[in-house]
Amino acid sequence: MTTNKKRAPWINWALFFATMVVVFLLGLLASSITERRAENEYVFKPKVDLSEYEPRNVLWGENFPREYQSYLQTADTSFRSKFNGSAMIDELKEDPRLVILWAGYAFSQDYSSSRGHYYAITDIRHTLRTGTPKGPDEGPQPATCWTCKSPDVPRLMEKMGAKDFYKGKWAARGSEIVNYIGCADCHDPKTMDLRITRPALVEAFQAMGKDISKASHQEMRSLVCAQCHVEYYFNKHRPDAPDVTYLTFPWKYGTGADQALRYYEEEKFADFTHQISKTPILKAQHPDYELFLTGIHADRGVACADCHMPYIKEGGQKFTSHKITSPLSNISGTCQVCHRESEEALRENVYERQEKVKEIRDKAETELVKAHLEAKAAWDAGATEKEMEPVLKHIRYAQWFWDYTAASHGASFHSPIEVSRIIGNSIDESMEARILLARVLANHGKNQPVPYPDITTKALAQNFIGLDMAKLQSEKAGWIKTILPDWDKKAREREKTWPVQKEDEKEEK
Ligand code: HEC
Ligand code: HEC
Ligand code: HEC
Ligand code: HEC
């Protein structure tokens with residue numbers, strides 16, 4: 001039974017209007033919420049107004065605290081993988097043959113693997129390679145040496161022009177360049193778009209007939225790194241910049257190892273004369289970007305940032321981790337974004353490639369050390385310039401190919417096949433040199449094998465080439481105590497708020 005009593009018509013109308021009012025109010029509320037959110041997300045109001053080349057990361061951090069906090073973590077040195085990691089590794093201790101290969105050049109005194117961007121200033125100040133300049137016009141290194149260390153570089157370049165920036169000695173900029181690599185190196189402060197701040201990269205593209213400003217967004221995610229992680233040299237013979245150590249990438253014929261060699265041959269360039277064999281040597285400097293380009297990941301359009309700057313989530317917000325370090329410290333955030341394999345399998349993929357490259361590079365090094373020693377024996381036996389010329393050419397090429405791969409960070413994973421090909425060329429050149437040397441030595445009555453010295457430790461190898469390490473180290477320690485505080489004092493006078501916070505003040509080592 002239903003007591004189906006009809007509602008009075010006015011109640012229906014009242015319900016109708018009441019519903020309309022509720023719907024209208026809900027609509028208002030919803031629209032105000034979305035507006036607020038839009039304000040938060042899209043109408044970004046910076047807390048600090050940043051100048052074009054503001055070098056102090058902490059000020060950028062006021063506006064972008066998540067990215068800044070993650071960038072500060074490049075100070076963390078706790079991660080270690082099989083061959084690399086976030087701490088410095090003394091490479092000369094790991095492999096004393098390097099001392100012999102770089103005899104006559106400051107790398108034989110001190111060479112460690114790289115660590116986080118946070119240490120860029122500390123490490124260039126502390127390495128023996130920058131010497132102990134007492135005044136602004138002294139010391140072994142030119143001002144150009146600062147170029148990949150700090151956002152103070154684009155700040156100064158804007159003020160003085162790149163040409164004048166490259167002029168003079170390293171020590172002349174000691175009190176100006178004090179902030180480690182930072183936001184201004186890669187970002188435009190107004191839009192936060194990625195930008196190129198180093199003219200050498202722009203000019204290298206021009207030399208190849210390319211316009212870097214046409215690069216895609218994904219290419220920029222590698223090109224910001226290519227400002228520094230590349231092979232370069234100091235060109236002292238630019239017609240428009242005489243007597244300037246002008247930072248130049250040898251890319252005129254392309255970015256490969258062979259094209260760079262062709263360029264250097266044409267320039268008749270050498271970084272130093274080898275102390276043992278008297279070979280004019282090219283010192284390679286970390287061609288990370290160039291070798292990466294020859295690998296499968298670059299071929300498939302993967303960028304440096306995809307593996308070294310993964311997206312992370314914090315409090316529901318997705319952002320780019322600026323803790324730039326080995327991707328093996330975060331396989332799930334890097335490799336596994338694209339690959340389904342287990343962490344263990346992916347790590348093994350990396351180690352397997354690194355081990356194989358190391359195996360063949362070890363052989364290349366031993367052959368090359370022997371070639372240098374046998375060349376010395378030949379000189380000592382009375383070999384002539386004419387006899388030695390083809391020998392030294394082979395040694396020069398052998399060392400170039402070997403160093404191109406040894407100096408590159410990460411290349412044995414980034415591009416294992418190209419790296420192996422280049423090392424193969426190094427072995428071939430060493431063998432050619434040694435075959436010629438056997439003949440030269442025989443012509444001068446030497447038929448016994450040249451003895452291989454005991455260079456099984458860094459100390460033995462450095463002693464063999466006559467380095468007085470105790471003296472070099474104590475001079476450097478004294479210099480660090482006397483000169484660096486003066487640089488920092490001057491920096492503070494110029495920029496009252498430097499260093500602006502605790503983390504920046506921590507002088508680690
Ligand atoms: C070595 C280059 C480099 C440096 C140094 C650097 N960034 Fe970035 N940053 C990147 C890259 C690459 C991205 C990803 C950009 C993209 O894909 O659009 C990025 C993205 C960002 C974004 C966009 C939002 C996000 O998280 O994806 C912000 C904001 C940002 N960075 C802030 C900073 C701040 C603040 C600093 C200094 C503490 C800094 N960056 C230093 C390369 C750099
Ligand atoms: C302004 C120059 C500069 C730029 C730009 C730059 N780097 Fe570096 N990078 C360096 C220097 C210098 C070091 C070594 C610092 C040290 O050892 O003191 C370094 C170190 C590193 C390391 C070693 C870190 C570790 O934990 O061992 C990695 C990885 C790295 N950079 C990747 C990148 C990537 C990826 C980019 C681009 C997103 C980039 N870098 C952009 C100069 C630069
Ligand atoms: C942005 C996507 C992406 C990321 C991140 C990525 N990969 Fe890849 N990887 C690829 C693509 C694409 C290929 C090419 C093979 C294909 O097309 O299936 C590839 C190929 C490979 C190969 C085979 C290469 C060869 O030698 O033939 C290995 C091994 C590999 N990746 C390991 C890794 C590891 C380890 C990481 C993390 C450190 C990683 N990948 C990160 C996309 C990615
Ligand atoms: C597909 C992933 C991937 C891409 C893309 C990639 N890398 Fe790497 N990178 C690695 C891996 C894996 C290692 C080895 C890390 C280890 O051994 O701990 C490495 C090592 C390095 C190292 C040495 C780190 C150390 O701890 O000494 C540097 C520097 C570096 N990469 C720079 C770059 C630059 C610059 C680019 C772009 C031109 C790039 N990488 C692109 C995966 C990648």
Name the single residue that is surrounded by the most Cβ atoms within 10 Å (Cβ to Cβ) among those in the stretch 373-416 being without any contact (Cβ under 8 Å) to a residue 12 or more places away in the chain and outside any loop (DSSP other than H, G, I, E, B). K393
Could you tell me whether T366 is within 10 Å of ligand 3 (Cβ to nearest atom) and either under 21 Å from the mean Cα position of the chain (by Cα) or surrounded by fewer than 19 Cβ atoms within 10 Å (Cβ to Cβ) (or both)? no
Is it fair to say S420 is of a type outside the set (D, E, K, R) and surrounded by 21 or more Cβ atoms within 10 Å (Cβ to Cβ)? no
Can you tell me which condition P310 does not meet? The list is (1) touching a residue at least 40 places away in the same chain (Cβ under 8 Å); (2) within 16 Å of ligand 3 (Cβ to nearest atom), and all the others hold. (1)
Qualifying residues in the stretch 276-305 (those that are polar (S, T, N, Q) and touching a helix residue (DSSP H, G or I) at 6+ places or on another chain (Cβ under 8 Å)) - the one nearest to ligand 2 (Cβ to nearest atom): T294
How do the pairs read when you match residues in the stretch 326-349 that are more than 19 Å from G410 (Cα to Cα) with residues anywhere that are among the polar types (S, T, N, Q) and part of a helix (DSSP H, G or I), using Cβ under 8 Å and keeping only pairs 6 or more apart or on different chains? E341/N349
What are the residue pairs meeting all of these: first residue in the stretch 160-182, first residue polar (S, T, N, Q), second residue outside any helix (DSSP H, G or I), Cβ atoms under 7 Å, and 6 or more apart or on different chains? N179/P55; N179/R56; N179/S150; N179/P151
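Which residues, taken from the stretch 271-328, are of a type in the set (K, R), closer than 23 Å to A184 by Cβ and near ligand 4 (Cβ under 10 Å from one of its atoms)? Can you show your working first?
Applying the first criterion (of a type in the set (K, R)) to the stretch 271-328 yields 278, 283, 300, 313, 318, 323.
From the residues that got through so far, the ones that are closer than 23 Å to A184 by Cβ too are 323.
If the condition is that a residue be of a type in the set (K, R), closer than 23 Å to A184 by Cβ and near ligand 4 (Cβ under 10 Å from one of its atoms), then no residue fits.
To keep it simple, each residue is scored yes or no on (1) part of a helix (DSSP H, G or I); (2) basic (K, R); (3) touching a His at 6+ places or on another chain (Cβ under 6 Å).
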{"position": "R125", "(1), (2), (3)": "yes, yes, no"}
{"position": "G135", "(1), (2), (3)": "no, no, no"}
{"position": "M157", "(1), (2), (3)": "yes, no, no"}
{"position": "A172", "(1), (2), (3)": "yes, no, no"}
{"position": "E176", "(1), (2), (3)": "no, no, no"}
{"position": "P189", "(1), (2), (3)": "no, no, no"}
So, in the stretch 165-196, of the ones that are within 16 Å of ligand 4 (Cβ to nearest atom) and surrounded by 19 or more Cβ atoms within 10 Å (Cβ to Cβ), which residue ends up farthest from I480 (Cα to Cα)? I196
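On the given criteria, is I100 of a type in the set (V, I, T), part of a helix (DSSP H, G or I), crowded, with 17+ Cβ neighbours inside 10 Å and free of Cβ contacts under 8 Å to residues at least 40 places away in the same chain?
For I100, the condition - of a type in the set (V, I, T), part of a helix (DSSP H, G or I), crowded, with 17+ Cβ neighbours inside 10 Å and free of Cβ contacts under 8 Å to residues at least 40 places away in the same chain - is not met.
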One residue is enough: does the stretch 72-87 have a residue meeting the conditions touching a helix residue (DSSP H, G or I) at 6+ places or on another chain (Cβ under 6 Å) and more than 16 Å from ligand 4 (Cβ to nearest atom)? yes
Which pairs have Cβ atoms under 9 Å, sit 6 or more apart or on different chains, and link a residue in the stretch 35-59 that is farther than 22 Å from I181 by Cα to one that is modelled with pLDDT under 95 and in a loop (DSSP other than H, G, I, E, B)? E39/K45
Counting only residues in the stretch 213-226 that are surrounded by 16 or more Cβ atoms within 10 Å (Cβ to Cβ) and near ligand 1 (Cβ under 8 Å from one of its atoms), the one nearest to the chain's Cα centre (by Cα) is identified as C225
Quick check on this structure: which one of K471, K496 is closer than 30 Å to I121 by Cα and either outside any helix (DSSP H, G or I) or at pLDDT below 95 (or both)? K496
Residues in the stretch 270-307 that are closer than 18 Å to C225 by Cα, away from ligand 3 (no atom under 14 Å from the Cβ) and small (G, A, S) total 1
Flagged in the stretch 306-332 as part of a loop (DSSP other than H, G, I, E, B) and in contact with a strand residue (DSSP E or B) (Cβ under 6 Å, 6 or more places away or on another chain), in numbering order, are M309, S321
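The values are calculated or read from the model by the stated rules, or taken from the named source; none is laboratory data. For clarity, every value in this text was computed on a predicted model and none was experimentally measured. Please note: Cβ atoms are built from the backbone with ideal geometry, for glycine as well, and neighbour counts cover all protein chains shown.
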